[in-house]
Amino acid sequence: MTYCTIELSSSLAAAQQDLVVQQRGHATAWRCLHADAATPQAWLEVAAAAQQQRRQRHQQQHTFVLMMEVLDNLPHDRVVRSTTDADWQQVAVTSQQQQQQHEQEQRVANSRKSSRLLHQQQQLQLTEVLQPAHDPLIQRCLQVLYPRGQTPRTASTSSSSKMFGWFQRFLGLPSDAQDPLDVWLPTRCLQLLETLHSMVPSHSLIAADFDALPDITVPGRGAPLVSGRSADKQTVDYNTVLVPWGSADIFFPTDFDDLGRLYQAAAAAAAAQQQPSAAEEGSAELQLQRRTNS
């Protein structure tokens, strides 16, 4: 059996290489790849590394993929809509510098000048702007989790969600269907699952993560915990993700019901694109472990 770690961080990849290979001497059985697991190239490198370690070519082996507290760090996309009948809008983050530079570029283009734009050094101010939800990945995620005509609460199949909705109707309380909808979509997770099913059809995915996080003040369903430290080393929780780069950690809770639906949708999409023989040879399995932060 061979082992391979896909690590996005170059510094952590170097640390793993030093510990496992240099200090522990496991070069023949383990390799760390500095890559993005959501891209096909990463899994091509995994297959190449496995073949190199075996020193001979084999038919594709069954692969066990372990994701321990990976999901909470994957990027999400925020979408909103004013009513259940309105179209979804995606939330984009822009900066005052970008807006000013764009306006200046437009003026240069309109006046047909070729002068170089001057870089203005100023404090970066981030803002959120609404755009039509035309991003293909966002559209696929919405189609799986919130089909047209369903709200985030009614789209969920969990017993707790159904009980919560029943109490809302019984007590006459406002529901998600009556309030503006604000959702954080696990789009990067969907992209990773689609890539995994496409590149490694015969696999078992074992994922463990937190299904709830404490003291979240960021608005929206599935919103993250944004936590940093003040100058005196005290923990500070923010009510926005628009914080200076590197000043806070951002963690997303995992909705395991949603994760299961995304996994099934990714498997179906990959099977539809594969040859019948390849689809029959591959078998995929998902195992989930919920971790509750009490």
Check Ala15 against each of (1) open to solvent by 70 Å² or more (accessible area, probe 1.4 Å); (2) at pLDDT 90 or above; (3) outside any loop (DSSP other than H, G, I, E, B) and name the one condition it does not meet.
(1)
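Taking helices (runs of 4 or more DSSP H) that fall entirely within region 142-231, which contain at least 1 residues that are over 21 Å from the mean Cα position of the chain (by Cα) and at pLDDT below 90? Walk me through it before giving the result.
Details: elements: 152-155, 159-171, 187-199.
By residue number, 152-155, 159-171.
Of the residues Val20, Val65, which single one is part of a strand (DSSP E or B), of a type in the set (A, V, I, L, M), at pLDDT 90 or above and surrounded by 15 or more Cβ atoms within 10 Å (Cβ to Cβ)? First the steps, then the outcome.
Working: Val20 fails: part of a strand (DSSP E or B).
Going through Val20, Val65 in turn, just one is part of a strand (DSSP E or B), of a type in the set (A, V, I, L, M), at pLDDT 90 or above and surrounded by 15 or more Cβ atoms within 10 Å (Cβ to Cβ): Val65.
The values are calculated or read from the model by the stated rules, or taken from the named source; none is laboratory data. Worth saying up front: this structure is predicted, and the values here are computed from it rather than measured. As a convention, Cβ positions derive from the backbone with ideal geometry for all residues, glycine included, and neighbour counts pool all protein chains shown. Heads up: the accessible areas ignore ligands, DNA and RNA and are worked out on the full protein's heavy atoms, side chains in. Shrake-Rupley method; radii C 1.70, N 1.55, O 1.52, S 1.80 Å.
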